[in-house]
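**Student:** What follows is a single structure, and I will ask about it in a moment.
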Amino acid sequence: MSDHRVDPGPGRVAIIFLDRSAAMGNKPRVRTWESIARAAGARQVSLVGVPQSRVPLPDPRTAWHLLRGDAVVESGVRSTSWLRSRVAELTPDVVVFVTARVFDPVVAQQAPHVVLDLVDELSANYALRATGDSTAARRLAFRALQAPMRRFERKTRRFTTTAAGARDAERMGATWVPNLTVGDVPEHVAAPDARELVFVGSLNYEPNIEALRWFEPVWAELRRDRPEATMLIAGANPGAGVLRWLRSVPGWEVVADFPSLDEVMARGLVSIAPVRSATGFPNKVLEAAERGIPQVVSTRVTEGLGGGFPGVLLAETPAQWLAALDQLLRSPAEAARLAAAAREHALSAYVPDRFVDVLSPAVRHDS
């Protein structure tokens, strides 16, 4: 077994993240970095949540860095004095910025070692949302943010940079650090009221809404053969219009802002991810796999996974989706076999010990 230890002297890690309690994708990322730091043997791990409070004008030093492209607008419009004071109190040996949105160049200059976790290629994400978001104001905002974010992504080579999505990491020249399986995850046991399908994801995130709109006619076709079929859709912050639409689809049940992911996942026999345009790492796939839930995902989703994911059925066209879903729903034994393969892979490949090297030189991983 590997021996992970901190070099003499270093060992304090500060993980800086945007404190958004309703952001479903944010929590696994923070847990991932905390687990990596602890697996590496860090003596102290501090979680520093940056509040979303905004200020009229950025700090003068921040304004200069914004003009130079060394920071992004999203971080510059937040108060930085609190963050700088907090990090100065902690005196970390390693600072991990989780997304460019919280990156502070002044803190980075003072830290012995910096890991800039870009998470995903936000410039590409913004480009998609600049044309596909549901509101004109948001499309304009994403269009305005895209170029500065792309400029920043190209200037981050002086730091250790990481990304959660495998394809994003490749495009940006970053180290791939996916979201990880942390702690004991209970194996899936279907609840008595389990629906045929389950979809989990933030319901204020346009790619998830796009995915469900694309899937709606596939669902209607599936119901022709299975008129009693039902699907559970679970996610945070659905807008009023989105909620009305989801609840209007025959056979769909919506659970918003659920307290327990395990309870939600237990209410589905097959997990689906018909995502068409998202970037980054597919939390949906890992969450279903580690619980041993059979799943069907779009080919776009697999771009975030390194080297594929055994036991997961891929589908792109409506006909492929119907065939894959029919295969899993008609053959529980085959579905269980595929789910077991995916769970074994998730619990062996997506673990903290495999990624401690990214914290070097402050933390060393010796075999």
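**Student:** Considering each of A141, A137, A124, A147 in turn, give the residue that is under 23 Å from N283 (Cα atoms) and hydrophobic (A, V, I, L, M, F, W, C).
**Tutor:** Exactly one residue qualifies, and that residue is A124.
**Student:** Another question about this same structure. Residues of the stretch 318-335 being of a type in the set (G, A, S) and either under 26 Å from the mean Cα position of the chain (by Cα) or under 11 Å from V270 (Cβ atoms) (or both), which ones?
**Tutor:** If the condition is that a residue be of a type in the set (G, A, S) and either under 26 Å from the mean Cα position of the chain (by Cα) or under 11 Å from V270 (Cβ atoms) (or both), then A324, A335 are the ones that fit.
For (1) charged (D, E, K, R); (2) modelled with pLDDT under 80, each residue gets a yes or a no:
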| site | (1), (2) |
| --- | --- |
| R78 | yes, yes |
| D104 | yes, no |
| R139 | yes, no |
| Q146 | no, no |
| E170 | yes, no |
| D193 | yes, no |
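**Student:** Report, by residue number, each residue of the stretch 282-335 that is in a helix (DSSP H, G or I), more than 22 Å from H188 (Cα to Cα), modelled with pLDDT of 95 or more and open to solvent by 30 Å² or more (accessible area, probe 1.4 Å).
**Tutor:** P318, A319, Q320, L322, A323
**Student:** Follow-up question, since we're still on this one. Filter the stretch 88-98 for residues that are surrounded by fewer than 21 Cβ atoms within 10 Å (Cβ to Cβ) and touching a residue at least 60 places away in the same chain (Cβ under 8 Å) and give the result.
**Tutor:** Answer for the stretch 88-98, where residues must be surrounded by fewer than 21 Cβ atoms within 10 Å (Cβ to Cβ) and touching a residue at least 60 places away in the same chain (Cβ under 8 Å): L90, T91.
**Student:** Another question, then. From (1) charged (D, E, K, R); (2) free of Cβ contacts under 8 Å to residues at least 12 places away in the same chain; (3) within 19 Å of A191 (Cα to Cα), pick out the condition that doesn't hold for R247.
**Tutor:** (3)
**Student:** Which pairs do you get when a residue that is over 16 Å from E74 (Cβ atoms), found in the stretch 107-122, comes within reach of a residue that is among the acidic types (D, E), reach meaning Cβ atoms under 6 angstrom, with the pair 6+ apart or on two chains?
**Tutor:** Taking only residues 6 or more apart or on different chains, the pairs are P112/D93.
**Student:** Specify the residue that is surrounded by the most Cβ atoms within 10 Å (Cβ to Cβ); the eligible residues are those in the stretch 224-265 that are polar (S, T, N, Q) and not in a helix (DSSP H, G or I).
**Tutor:** Going through the qualifying residues, I end up with T230.
The values are calculated or read from the model by the stated rules, or taken from the named source; none is laboratory data. Because the structure is a prediction, the values reported are computed rather than measured. Counting neighbours? That spans all protein chains shown, and the Cβs are built from the backbone with ideal geometry, glycine included. Note: accessible area is taken over every heavy atom of the protein model, side chains too, but ligands, DNA and RNA are not part of it. Shrake-Rupley method; radii C 1.70, N 1.55, O 1.52, S 1.80 Å.
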